[in-house]
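K.L.:
Submitted below is the structure of interest, expressed as structure tokens.
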Amino acid sequence: MHPFIQIKTVTPVHDTFHARYDAKRRIYRYVIKSIPTTPFENAYCVHFDKCDFQKLESALGLFEGTHDFSLFHKKGSDPGSTVRTIYRSQLHRFKNYTMLYLEANGFLRAQVRMIVGAAMRHAKGELTLSHIVEQLEVEKVHTTYLVPPQGLYLARIIY
């Protein structure tokens, strides 16, 4: 048993079932803390200060819908198509923590970290919404910033 994985249910499936390719949707969570993290939290969330959460939410909303994410992923492998549909982006605040949720039909390599990175840069006043739209419309690269991997979780897979 792996100490970081929890099995909640077991469901019988067909012999042809493939855990990766039969998934209909995936939900990722990214955890941000608005005050410095403790040594016990360093591996599980990321501290970002001076973040305008309304701007963060506005930027995340731009990614909803079907888009060509060819400028929002790490290169190095052939994903086939770079078109993905983000069904939902959500921000939930609890005390000093902010959880960002992205739900899509699939994600490219480092796509979530780059989307959150662009949204964070907007929230800190370093990138405009127009810059994000231009990059999302595959017109021009304005950022390749990846938020740190600490804080990123695959929260759910929907079959």
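K.L.:
Against the definition (touching a strand residue (DSSP E or B) at 6+ places or on another chain (Cβ under 6 Å) and among the hydrophobic types (A, V, I, L, M, F, W, C)), how does Phe40 come out, yes or no?
P.N.:
No, not satisfied.
K.L.:
Also, I was wondering about something else. Filter the range 70-98 down to the residues that are in a loop (DSSP other than H, G, I, E, B) and polar (S, T, N, Q) and list them by number.
P.N.:
Ser70, Ser77, Ser81, Thr82, Asn96
K.L.:
Could I ask something else about it? Just name the residue that is nearest to Ala104 (Cα to Cα) out of those in the range 52-66 that are out of contact with any strand residue (DSSP E or B) (no Cβ under 7 Å at 6 or more places or on another chain) and not charged (D, E, K, R).
P.N.:
Leu62
K.L.:
Filter the range 36-54 down to residues that are surrounded by 18 or more Cβ atoms within 10 Å (Cβ to Cβ) and among the charged types (D, E, K, R), then give me how many there are.
P.N.:
So the answer is 0.
K.L.:
Let me spell it out: the conditions are (1) within 20 Å of Val138 (Cα to Cα); (2) touching a strand residue (DSSP E or B) at 6+ places or on another chain (Cβ under 8 Å); (3) of a type in the set (A, V, I, L, M), and Val46 meets all of them except one. Which number is the exception?
P.N.:
Of (1) within 20 Å of Val138 (Cα to Cα); (2) touching a strand residue (DSSP E or B) at 6+ places or on another chain (Cβ under 8 Å); (3) of a type in the set (A, V, I, L, M), only one is false for Val46: (1).
K.L.:
Among the residues of the range 129-159, write down those that are free of Cβ contacts under 8 Å to residues at least 60 places away in the same chain and in contact with a His (Cβ under 7 Å, 6 or more places away or on another chain).
P.N.:
His131, Glu134, His142
K.L.:
Exactly one of these conditions fails for Gly80: (1) free of Cβ contacts under 8 Å to residues at least 60 places away in the same chain; (2) in contact with a strand residue (DSSP E or B) (Cβ under 8 Å, 6 or more places away or on another chain); (3) not polar (S, T, N, Q). Give me its number.
P.N.:
Failing condition for Gly80: (2).
Any read-out appearing in this document is the output of simple, stated calculations on the displayed coordinates, not a laboratory observation. Since we're looking at a predicted model, the values are computed, not measured. A quick note on method: Cβ atoms are made from the backbone with ideal geometry, for glycine too, and the neighbour counts reach across all protein chains shown.
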